[in-house]
1. How about region 318-420: which helices (runs of 4 or more DSSP H) wholly inside it have at least 1 residues that are over 30 Å from residue 261 (Cβ atoms) and within 16 Å of the ligand (Cβ to nearest atom)?
2. Residues that are away from the ligand (no atom under 14 Å from the Cβ) and either farther than 20 Å from residue 119 by Cα or touching a strand residue (DSSP E or B) at 6+ places or on another chain (Cβ under 9 Å) (or both): list the helices (runs of 4 or more DSSP H) wholly contained in region 1-102 that include at least 3 such residues.
3. Scan region 125-133 and give yes if some residue there is within 19 Å of residue 23 (Cα to Cα) and away from the ligand (no atom under 16 Å from the Cβ), otherwise no.
4. Identify all residues within region 438-466 that are in a loop (DSSP other than H, G, I, E, B) and at pLDDT 95 or above; write none if there are none.
5. Which of the residues belonging to region 104-115 are buried (at least 17 other Cβ atoms within 10 Å of the Cβ) and more than 12 Å from the ligand (Cβ to nearest atom)?
6. Among residues belonging to region 124-137 that are more than 17 Å from residue 243 (Cα to Cα) and in contact with a helix residue (DSSP H, G or I) (Cβ under 6 Å, 6 or more places away or on another chain), point out the one that is surrounded by the most Cβ atoms within 10 Å (Cβ to Cβ).
7. Could you list all residues from region 384-419 that are out of contact with any helix residue (DSSP H, G or I) (no Cβ under 7 Å at 6 or more places or on another chain) and in contact (Cβ under 8 Å) with a residue 24 or more places away in the chain?
8. With the checklist (1) free of Cβ contacts under 8 Å to residues at least 60 places away in the same chain; (2) within 30 Å of residue 431 (Cα to Cα) in hand, flag the one item residue 209 doesn't pass.
Ligand code: ARG
């Protein structure tokens, strides 16, 4: 039955029921809907807008409805128009007239704006916890492989030597920024729309500060039209999730490359790979590929939200019912992706020997060879660069590396070379000397990991708590 049937002479066309209804995707908010209603009813009672005894009755019964929904004793009616309607009707069915007073000074418009905020607040807290766990794994791996030399790339060409730990810590920085973006978006989202009513507030003497406080919000929304029609927070969260998915997708792209036989830098645990139905030798990194692939749907969610909102006049319009599927899909997808990614990284096997061989084979110490001529032999960098380029060409011609090229050959290109060059271009030295802040030297990587662990330890769990 519809809440709004008084004005209507006809029942709604049953064929449009499903189209109009949001119960299929807003029932996940039943706990938050009830929490909001308990706060509203408590305030109505304390303000004398309804009897204290009725307020109490409403709150007690709402608690029972929540318990019955939790336990499965009560099922959500799939034909209800939305979760707000369902809870209110169930309440009225149970306690009669008192239930009918709950909606005093409230509209589903401020109610839904509240419920989505409460729900996202919890979902984002869960995501933050998962991101912290992922960061913990990255730090452990970085510490474990702090001196594992690997080629660093630009343009997908071997460029300069780094350490595997350093490479992993680059992702840690991205994820830290993601967490801080979540905090930032949540802080802005954390204002309470209850009391904005349908769009124009209400004539009842509501205490909006009280409901905001009861529900752990920073303050009530300052403009009733904005309070019911703002969905910036959905778009912001979808963006934060999108950017986080970009980071996960880049990491997964690297995992896919690294476990190919062309690279063989890592091996993923069997538990996170699948086989082929026809090629018996295959071990495919499906989960990493799926995470990379799922980024697309999340970007789609963000685009849906922006497009849905851009032409809406103030205040509430039914278009806004579309917010939930998009933003919930975004947060659910990130949660879904983080769940396998954490153990997949934790259990990966790192082939330090292959990484080192790749690092040794790509002339990635050529810059260091030029730097040797500059700092030990006093040659201007541009000249040293040219000499080293000629040496690389010579090595390629002779199928050698800078490490295996005999000293006489060095000297045919430039007489200044002596035995010291081999020490200067040793990969461990090349990496170990890159001690500049932010560089890949093993001691730096350990310090980076330690710094991130400290940040994680000092991080507040619930940013909306003041
Ligand atoms: N199911 C609706 C939504 O999700 C609730 C608000 C309905 N308000 C209205 N005036 N029809 O947006």
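The values are calculated or read from the model by the stated rules, or taken from the named source; none is laboratory data. These figures come from a predicted structure and were not determined experimentally. Here Cβ is always computed from backbone atoms with ideal geometry, including for glycine, and neighbour counts include all displayed protein chains.
1. Passing ranges, in order: 323-347.
2. By residue number, 30-46, 52-71, 83-95, 97-100.
3. Filtering region 125-133 for residues within 19 Å of residue 23 (Cα to Cα) gives none.
No.
4. Once the filter is applied, which keeps residues that are in a loop (DSSP other than H, G, I, E, B) and at pLDDT 95 or above, region 438-466 yields 438, 439, 440, 441.
5. Passing the criteria: only 105.
6. Only one residue fits best here, namely 137.
7. Listed by number, the list holds a single entry, 395.
8. That leaves (2) as the condition not met.
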